[in-house]
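Let me begin by presenting the structure, written as structure tokens, before commenting on it.
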Amino acid sequence: MTYGIIGTGAIGGYYGARLAQSGQDVHFLLHNDYKYVRENGLQVDSCDGSFHLDAPHVYDNTASMPRCDVVLVCLKSINNHLLRSLLPPLLHERTLVVLIQNGIGVEYDVQQMFPNLWIAAGLAFICSAKTEPGRVSHQCYGQINLGNYSCKDEELVRQVVAHFNAAGVKAGLVEYNEARWKKAVWNMPFNGMTVALHTQTDLLLKHPATRQLIREQMMEVILAARHLGVQNIDETFADRMLSMTDEMTPYSPSMRLDYDFHRPMEIEYIYSRPISMARSAGFDMPKLAMLEAELRFLESKMKD
């Protein structure tokens, strides 16, 4: 099976490299570090065992890449407008596009661009960062779940899950809406709070006041999901997420890194879209709406 990776950063670099290491035919799209990786390969420093791809298939444009059976889109969602030109050279009639992205609503919007495209959500539970050209630092976790959004061949999605597991990446097939909202239970509190308070995940949970606030924000997400018909999600899930984060390596989520490096933040899909959807279902998320407003303010100051 031929895989294409759009966005060879902390996420795409890690999962793509794992698949390539296991023998899959993987083709990487790179931007700033294309020349470096072409000449030096791709290094993955991982808590599960480091490794190096000596001669990965790398490209600086999708027009040069082969058509793919599976495309993993690992761009930040703020760049999804680029998919209109990036995706078509990679597609055939049965290509599955997996959006390994944060937030709610990304699949809907990409489907509007490509009405006949087969899409699945990729829900990554991983602490990873691209620390320098051609080097990915995988700190802990690494699981990925796939939720079928519009793929007409369920077996194809199952094959991708099997390939991840064979590559040493724990993977599963999950219900789409439930998975997206469960991911938001962690993403909505921690991404924004690490930016607003200029801290990391561990310190937020060590202080009683911010730990309580994080849990209250998680409950807003859980109750919003339930108002929207999502099942199998209740307050015990919030407690599991808190316990998981207690055990996690101190971590700066992707939004904190974007803010620190003066890059646009993924506010639309992580905050604005789910808050709006919940409001349309008759449920307000006041604490997270306040956090969204704070993030909008901070982002505006970066532009000054």
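For a quick check of your reading of the model, give me the residue pairs whose first member lies in the range 219-231 and is closer than 12 Å to residue 282 by Cβ and open to solvent by less than 10 Å² (accessible area, probe 1.4 Å), whose second is of a type outside the set (Asp, Glu) and outside any helix (DSSP H, G or I), with beta-carbon atoms closer than 9 Å and at least 6 apart or on different chains.
224/230; 224/281; 224/283; 224/285
For the range 35-55, enumerate the residues that are touching a Ser or Thr at 6+ places or on another chain (Cβ under 9 Å) and among the hydroxyl-bearing types (Ser, Thr, Tyr).
Here is the first cut: in the range 35-55, the residues touching a Ser or Thr at 6+ places or on another chain (Cβ under 9 Å) are 37, 42-47.
Within the range 35-55, 46 is the sole residue that qualifies.
From the list 167, 179, 120, 171, which residue is aliphatic (A, V, I, L, M), surrounded by 17 or more Cβ atoms within 10 Å (Cβ to Cβ) and closer than 30 Å to residue 290 by Cβ?
On the way: 167 fails: closer than 30 Å to residue 290 by Cβ; 120 fails: closer than 30 Å to residue 290 by Cβ; 171 fails: closer than 30 Å to residue 290 by Cβ.
Every option except 179 fails the conditions.
Residues in the range 246-304 that are free of Cβ contacts under 8 Å to residues at least 12 places away in the same chain and of a type in the set (Asp, Glu): how many?
4
For the range 151-202, enumerate the residues that are closer than 17 Å to residue 216 by Cβ and either without any contact (Cβ under 8 Å) to a residue 40 or more places away in the chain or not in a helix (DSSP H, G or I) (or both).
Within the range 151-202, just 197 meets the criteria.
Here are the criteria: (1) part of a strand (DSSP E or B); (2) of a type in the set (Lys, Arg); (3) farther than 18 Å from residue 191 by Cα. Tell me which single one residue 130 does not satisfy.
(3)
Could you run through the range 252-304 and say how many residues are closer than 15 Å to residue 225 by Cβ and open to solvent by 50 Å² or more (accessible area, probe 1.4 Å)?
7
Filter the range 1-43 for residues that are acidic (Asp, Glu) and either farther than 16 Å from residue 163 by Cβ or outside any strand (DSSP E or B) (or both); which is most open to solvent (accessible area, probe 1.4 Å)?
At the first step, the residues of the range 1-43 found to be acidic (Asp, Glu) are 25, 33, 39.
Next, only the ones that are either farther than 16 Å from residue 163 by Cβ or outside any strand (DSSP E or B) (or both) stay: 33, 39.
Numbers: 33: 13, 39: 114 Å².
Taking the candidates together, the pick is 39.
If you check residue 132 against the conditions, is it at pLDDT 95 or above and surrounded by fewer than 22 Cβ atoms within 10 Å (Cβ to Cβ)?
Details: at pLDDT 95 or above: no; surrounded by fewer than 22 Cβ atoms within 10 Å (Cβ to Cβ): yes.
Here the answer is no, as residue 132 does not meet what is asked.
Taking the conditions exactly as written (among the β-branched types (Val, Ile, Thr), open to solvent by less than 10 Å² (accessible area, probe 1.4 Å) and either within 19 Å of the chain's Cα centre (by Cα) or at pLDDT below 95 (or both)), does residue 126 satisfy them or not? Steps first, answer last, please.
Numbers: among the β-branched types (Val, Ile, Thr): yes; open to solvent by less than 10 Å² (accessible area, probe 1.4 Å): no; either within 19 Å of the chain's Cα centre (by Cα) or at pLDDT below 95 (or both): yes.
Answer is no for this residue.
Tell me which of these residue 206 doesn't satisfy, since it passes every other one: (1) open to solvent by 10 Å² or more (accessible area, probe 1.4 Å); (2) closer than 20 Å to residue 221 by Cβ.
The single condition residue 206 does not satisfy is (2).
Looking at the range 62-79 only, could you name the residues that are within 22 Å of the chain's Cα centre (by Cα) and under 9 Å from residue 89 (Cβ atoms)?
Of the range 62-79, the ones within 22 Å of the chain's Cα centre (by Cα) are 62, 68-79.
If the condition is that a residue be within 22 Å of the chain's Cα centre (by Cα) and under 9 Å from residue 89 (Cβ atoms), then 62 is the only one that fits.
Which residue, of 82, 29, 87, is under 27 Å from residue 269 (Cβ atoms) and in contact with a strand residue (DSSP E or B) (Cβ under 6 Å, 6 or more places away or on another chain)? Break it down stepwise before answering.
Working: 82 fails: in contact with a strand residue (DSSP E or B) (Cβ under 6 Å, 6 or more places away or on another chain); 87 fails: in contact with a strand residue (DSSP E or B) (Cβ under 6 Å, 6 or more places away or on another chain).
The unique qualifying residue is 29.
The values are calculated or read from the model by the stated rules, or taken from the named source; none is laboratory data. Please read these numbers as outputs of a predicted model, since none were measured by experiment. Neighbour counts run over all protein chains shown; Cβ positions are idealised from the backbone, glycine included. We work out accessible area using only protein heavy atoms, side chains counted, and drop any ligands, DNA or RNA first. Shrake-Rupley method; radii C 1.70, N 1.55, O 1.52, S 1.80 Å.
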